[in-house]
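These notes are about the structure you will find just below.
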Amino acid sequence: MKTYIVPIDFSATSIHAAEYAALLSKQSDVTRIILLHSYYISVYQSVLPTPDMVIISEEAIEDEAEEKLSELKHIRDKLLKLVREGVEIHTRVSRSPLTRSVIENISDEKADLVIIGSNGMNSESDSYVGINAINISRLSPEPVVVVPPGTHYERIKRVMIACDFQKISQTFPLGPLKKLLSGNDVELLVVNIDKQAKHRNADLQQLAEESALHQMLREYHPQYFYSESGDVINGILDFAKKHHAQMVIALPHKYSFFQSLLHNSVSSGLTIHSAIPVLLLK
């Protein structure tokens, strides 16, 4: 994955994600990290007066955009001390809304991965990027790593894939996973989310799905586990903690798990999530 995009709104949440991206470069073959700020002024804002009866001029908008670019460059200079030697950090200010600006830059820059900060359990966070983490992750055509608050970068040695072994051959994003694992000595743990314990009396369809997955992943020599926990979220996160996984991989059709993991309304008992980045494959 040669190019990362990191949305920046200058909050601690987004800067934390940028630092994670910089440190991750030491374990990947990335060559460019793009710091992207969305400075969107709607048509109404540009033609209607503010409560103080001031109309925002195009000149003022351009000046503000230049100031934002300057702030991005200041962050870039700090991150250059963290990245692997040879990695370039570019800065971009987009006049499009946040989600659109991310998608447009993925296309324009031929980006391979988006790394975005999440507000996690902290409902008081002022990060607009963090608030939109799930929406961006859903709409992004490329894989997304969501970095929860409190995450401290640790070299990725063990990753966990949570799936339900349903329609594996049609839905499993093998290409992106190979791209991620290529050249990395990473231990792969595959956890079958099976609340109804179907694996104990697997039918032919279940056995076929399991066989297909084993065939797809055989070159990575994964370990396979089953989780029968009625509380899917806690079951996955407890497993990740117990096995010291540095990243949880969520498959694209499992949005319910992904959203629950990151949403502010999750029970405060899920504080473990703040230590585990989530990769949403595409």
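The values are calculated or read from the model by the stated rules, or taken from the named source; none is laboratory data. Source: prediction; values computed, not measured. Note that each Cβ is placed from the backbone with ideal geometry, even for glycine, and that neighbours are counted across all protein chains shown. Protein only, heavy atoms only, side chains kept; ligands, DNA and RNA dropped before computing areas. Shrake-Rupley method; radii C 1.70, N 1.55, O 1.52, S 1.80 Å.
Site pair N234 and A212 shows an inter-label distance of 3.3 nm when each label is modelled 7 Å from Cα along Cα→Cβ.
Note the per residue figure in Å³ for the convex hull of the C-alpha positions in segment 72-132. Show your work: numbers first, answer last.
Working: hull volume 7.6 nm³, N = 61.
Roughly 125 Å³ of hull volume per residue.
Can you flag which of K2/K178; K2/K282; K26/K68; K26/K179 are past 23 Å Cα-Cα? Exceeds cut-off: K26/K68. As a rough guide to protection, the peptides 126-138, 74-86 ranked by mean Cβ packing within 10 Å, highest first, stand as 126-138, 74-86.
Residues E228, E59, E109, ordered by accessible area of protein heavy atoms at a 1.4 angstrom probe radius and largest first, appear as E59, E228, E109.
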